[in-house]
Each structure stands twice: as structure tokens, then as C-alpha cells.
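Trainee: I have a structure I would like to understand better, so I am pasting it below and will then ask my questions one at a time.
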Amino acid sequence: MDTKQFSKPVLGIETSCDETGVALLRWEPAAPGRGLLSHTLYSQIKLHADYGGVVPELASRDHVRKLLPLVREALAEAGLTPQDLGGVAYTAGPGLVGALLVGASAARAMAWALGIPAIGVHHMEGHLLAPLLEEDPPEPPFVALLVSGGHSMLVEVKGIGRYRILGDTLDDAAGEAFDKTAKMMGLPYPGGPALAELAQQGRAGAFRFSRPMTDRPGLDFSFSGLKTQVLLAWQQSDHTDQTRADIARGFEEAIVDTLAIKCRRALHATGAKRLVIAGGVGANKRLREDLAEAGSKEGFRVYFPRLAFCTDNGAMIALAGAIRLASGQHQDETVQVFPRWDLESLPAVV
Ligand code: KG4
Ligand code: ZN
């Protein structure tokens, strides 16, 4: 990891989907979490709940409304003024194009007005580096399981910006499978946390669903068949509250088991002894507990960000941006976003 100093605080802006996240972070190579000066978040969940999913145009408009007040709030909380900033980092992709453009335009305008560098951050790199915000952060090399609403990936991390995708989803991402399954069973948006909560009342073994693609070699995921199995079970059930909880439990166990099996395989294939779990589904209690237990039995160490930094947030973007700015990377003044963006194409930080 680079140890060059970038002593002034970096403003981090996240607007890729339905959360507006802002944070201020001073780059502290030995303990990045200690450099976090403030972080604020506004979640648009209520705005989209009536529609059962994110409405992109509404998301963009709400980012416009909330972003600058949040920047002011984050600065006030840290006791800073815009003139104290050393750089601006913003999510440049992947994500919803309109939502990304709100953050990118604001970030570029602020950087230009203040005469400081700005950098577009890959959202999944932000997730992947989020555990570095905690005490005793993981050192590369490690394997990262990135499980969010849009992605399910296993990544070999040889260094910052040195990523090799070991496995990817062939259809639905893990978070998407949680959300769609929850919706099917009449749970409110976003379904993941609601389904996980319901699963706590479910009985173990009442429903058992398959662990997709674990019966053959490889590290890719596929969750759409599992979703169909759950739909059939739900349609054929008596629709009582207990059955709904039992099905939720069976579904959660199937997803968590599948993810855990593939994580072990990825550790075995790479020889890594450290596993990072990140992204919204990383907030799932069963996933965290099962993997931590497997790690202590099998001799690998598991690193998670705190719950607030599993789901989308500005701190992870400030961190990823600060690391890259500190190593001398930044981009020209064009406002450019990448709704699709290959993680492997990022430049290494040397
Ligand atoms: O990383 P994230 O905040 O946004 C994206 O980049 O997609 O992830 C959101 C996803 C949603 O699908 C949400 O349902 C899921 O993470 N999620 C959970 C939990 N908390 C959030 N899934 C399962 N269990 C949870 N506790
Ligand atoms: Zn995310």
C-alpha cells in the first residue's frame, strides 16, 4: 500500500443509486478509519417504497435536492470549510446514469472552483476497501466477496487496483435475489433486510432449497433458479405467517451457504488466508456469523465493515479516492460517468 501523505481532507460523494452519502476523510495510511472526520447519509428508501423498487428519475432529482445540504452538514460536523479540502472523490460508476451525473457534476464543479484535484471512484472498489475503515484493517493479498444489490463477485485482491475477478453472477445478484424474493412474498422494499429479519422467526429445516452451482467446480453464482423455487414453495403453501418465516429462513440459509461454499473455494484456489466481505448483503447477520465461524475453524480470517459501511455510503468513496489521490492519480476536468465499468480495468496504485 502507498504511504505517501495526502495531508488535507478529501470529500467523498456517493450518488450511484438510492442513497446520498457524503464523508470527509484525511488519508492515514496506517489506520485509515482514524482519518474519517465525518460522514452523513440520506436514504431515499421512503421515496421509492411505493413503487417497489428504485425509480431512476426520482433518484436523480432527490440527489440534486440532498447533496449540497449533506456536504454542508459533513463540513460543519468536521469543523471544516471548503477551503480546507485537498481533493474530491465521487462515484463515477457503475450505477444509474442520472444519479451518477449528479454526484460527478457537483464534485467536478467544487474541485474546479477550489482549484483541487478530483477523482472518479469505482463503486465496487469503494465497497471492497470499506473494511479498511475499521481497526486492524486487512492487508492485501486477500479475497473479497462483494455482494450488493447489483453485484455478486469474488475478487482476488493482490494490491489496491490489482483486482482479478474469480467469480461473477450469471443472472441475479445476491441482493437482487433477496429483494425480488421478498417482494414476491409481500414484504416491503428494500426486501433484503426485511426478509433477513423475518428469517429469524423461521424454523431451521422446515424448507430446504438448493445451493445453486455448488455441485460443480467454479466460482460463478446464479440465484434466479433459487428465486423460482421459493416462488413455487410460497404459492403452494398455506400463506401463514409461520410458513412465510420458514420459507424466508430456508432461502436465507441457501444463499448464505452458497456464498460461504464459494468463498472457501476462492480461498483455496488463491491460497489467501484473509477474506473480506463487503456490499449491502454483507450486513446480513447469518452471513457474517457463518463465515466468521468457518474462518475460526478453518484458519482464515474474515474482515467486515461495520453495518453502516456495508450498504452504500460516502466514507468508502472518500477512502478509495483518498488512496488514489495520495498516489498522484486524478482525472481531467470532464464530467464523465460509467454506468457499466469493469473492475479489472482500474489502474494499480503503486
Ligand atoms: O451495496 P448496497 O447498499 O447497494 C448496491 O450497491 O446495490 O446493497 C443493497 C443491497 C440490497 O439488495 C439490500 O436488500 C441488500 O443489499 N441488503 C441485505 C441486507 N441489508 C441490505 N440483504 C440481506 N440481508 C441484509 N441484512
Ligand atoms: Zn453499493
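The values are calculated or read from the model by the stated rules, or taken from the named source; none is laboratory data. Worth saying up front: this structure is predicted, and the values here are computed from it rather than measured. Positions of Cβ are generated from backbone atoms using ideal geometry, with glycine treated the same way; all protein chains shown enter the neighbour counts. Protein only, heavy atoms only, side chains kept; ligands, DNA and RNA dropped before computing areas. Shrake-Rupley method; radii C 1.70, N 1.55, O 1.52, S 1.80 Å.
Trainee: Would a scan of segment 269-277 turn up a residue that is within 16 Å of ligand 2 (Cβ to nearest atom), of a type in the set (Val, Ile, Thr) and touching a Leu at 6+ places or on another chain (Cβ under 6 Å)?
Mentor: yes
Trainee: In segment 184-199, which residues are open to solvent by 50 Å² or more (accessible area, probe 1.4 Å) and aliphatic (A, V, I, L, M)?
Mentor: Answer for segment 184-199, where residues must be open to solvent by 50 Å² or more (accessible area, probe 1.4 Å) and aliphatic (A, V, I, L, M): just Met184.
Trainee: Determine whether Ser38 is within 16 Å of ligand 2 (Cβ to nearest atom) and either in the same structural domain as His151 (by TED's automatic domain parsing) or of a type in the set (Gly, Ala, Ser) (or both).
Mentor: no
Trainee: Leu24 passes all but one of (1) surrounded by fewer than 20 Cβ atoms within 10 Å (Cβ to Cβ); (2) within 22 Å of Leu129 (Cβ to Cβ); which number fails?
Mentor: With (1) surrounded by fewer than 20 Cβ atoms within 10 Å (Cβ to Cβ); (2) within 22 Å of Leu129 (Cβ to Cβ) applied to Leu24, the lone miss is (1).
Trainee: Among (1) closer than 28 Å to Leu226 by Cα; (2) more than 15 Å from ligand 2 (Cβ to nearest atom), there is one condition Leu343 misses while meeting the rest; what is its number?
Mentor: Failing condition for Leu343: (2).
Trainee: Now for a different question. Considering (1) without any contact (Cβ under 8 Å) to a residue 60 or more places away in the chain; (2) buried (at least 24 other Cβ atoms within 10 Å of the Cβ), say which one Ala322 fails and leave the rest.
Mentor: All conditions are met except number (1).
Trainee: Further question on the same structure: Determine whether Ala118 is more than 16 Å from ligand 2 (Cβ to nearest atom) and open to solvent by less than 10 Å² (accessible area, probe 1.4 Å).
Mentor: Spelling it out, Ala118 is indeed more than 16 Å from ligand 2 (Cβ to nearest atom) and open to solvent by less than 10 Å² (accessible area, probe 1.4 Å).
Trainee: Take residues that are among the β-branched types (Val, Ile, Thr) and out of contact with any helix residue (DSSP H, G or I) (no Cβ under 7 Å at 6 or more places or on another chain) and tell me which of the helices (runs of 4 or more DSSP H) falling wholly in segment 215-304 contain 3 or more.
Mentor: Because the criterion is at least 3 residues that are among the β-branched types (Val, Ile, Thr) and out of contact with any helix residue (DSSP H, G or I) (no Cβ under 7 Å at 6 or more places or on another chain), the helices (runs of 4 or more DSSP H) in segment 215-304 that meet it are 241-270.
Trainee: Among the residues of segment 284-291, is there at least one that is of a type in the set (A, V, I, L, M), open to solvent by 10 Å² or more (accessible area, probe 1.4 Å) and modelled with pLDDT of 95 or more?
Mentor: No, the conditions are met nowhere in segment 284-291.
Trainee: Give segment 134-151 a look and list any residue that's within 15 Å of ligand 2 (Cβ to nearest atom) and either touching a Gly at 6+ places or on another chain (Cβ under 8 Å) or open to solvent by 30 Å² or more (accessible area, probe 1.4 Å) (or both), or say none.
Mentor: Matches in segment 134-151: Leu145, Leu146, Val147, Ser148, Gly149, Gly150, His151.
Yes or no, residue by residue, for (1) touching a Ser or Thr at 6+ places or on another chain (Cβ under 6 Å); (2) touching a residue at least 12 places away in the same chain (Cβ under 8 Å); (3) surrounded by fewer than 19 Cβ atoms within 10 Å (Cβ to Cβ); (4) acidic (Asp, Glu):
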position: Asp168; (1), (2), (3), (4): no, yes, yes, yes
position: Asp171; (1), (2), (3), (4): yes, yes, yes, yes
position: Ala182; (1), (2), (3), (4): no, yes, no, no
position: Gln201; (1), (2), (3), (4): no, yes, yes, no
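Trainee: Has segment 43-56 got at least one residue that is at pLDDT 95 or above and touching a Ser or Thr at 6+ places or on another chain (Cβ under 9 Å)?
Mentor: Yes: one or more hits.
Trainee: Under the condition of being crowded, with 24+ Cβ neighbours inside 10 Å and not small (Gly, Ala, Ser), which residue from segment 91-115 is farthest from ligand 1 (Cβ to nearest atom)?
Mentor: Going through the qualifying residues, I end up with Val102.
Trainee: Now a separate question. Residue check, Ile45 against (1) aliphatic (A, V, I, L, M); (2) farther than 18 Å from Ala318 by Cα; (3) more than 16 Å from ligand 2 (Cβ to nearest atom), all met but one. Which one?
Mentor: Exception for Ile45: condition (3).
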